[in-house]
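Please read the structure below before turning to the comments.
The values are calculated or read from the model by the stated rules, or taken from the named source; none is laboratory data. Predicted model only: the values in this text are computed from it and were never measured. Cβ sites come from the backbone with ideal geometry, for glycine too, and all protein chains shown count toward neighbours.
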Amino acid sequence: MNTLYDVQQLLKKFGIYVYVGKRLWDIEVMALELDHLHESKVITKEEFLQAKLVLKHEHRIEENKTKDNNI
């Protein structure tokens, strides 16, 4: 799992589609959904950790874009 698309596909397997309208918010909601899947033990620890890493990376990119646009 290397991209945000991969995380979306993982969530899609469980019928979870996330679209809030702002990419940063989408990433945050996906992280919450991953937490719930992990707590329910329907995804492996490896899937969970890899997906969280991808989301953290994408979240950082989006925050930097926001900061750059505000300067």
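Values for this structure:
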item: Residues (of a type in the set (D, E, K, R), in contact (Cβ under 8 Å) with a residue 40 or more places away in the chain and out of contact with any helix residue (DSSP H, G or I) (no Cβ under 6 Å at 6 or more places or on another chain)) located in the range 44-60; result: E47
item: Selection from the range 34-46 of residues that are under 12 Å from the mean Cα position of the chain (by Cα) and among the charged types (D, E, K, R); result: D35
item: Complete set of residues in the range 21-43 that are basic (K, R), within 18 Å of K56 (Cα to Cα) and free of Cβ contacts under 8 Å to residues at least 12 places away in the same chain; result: K22
item: Which listed residue, of K45, K41, is surrounded by fewer than 12 Cβ atoms within 10 Å (Cβ to Cβ), more than 16 Å from K13 (Cβ to Cβ) and modelled with pLDDT of 95 or more; result: K45
item: Pairs with Cβ under 8 Å, 6+ apart, first in the range 1-20 and under 17 Å from L49 (Cα atoms), second part of a helix (DSSP H, G or I) and among the polar types (S, T, N, Q); result: M1/Q50
item: Residue match in the range 64-71 (condition: surrounded by 11 or more Cβ atoms within 10 Å (Cβ to Cβ) and among the hydrophobic types (A, V, I, L, M, F, W, C)); result: no
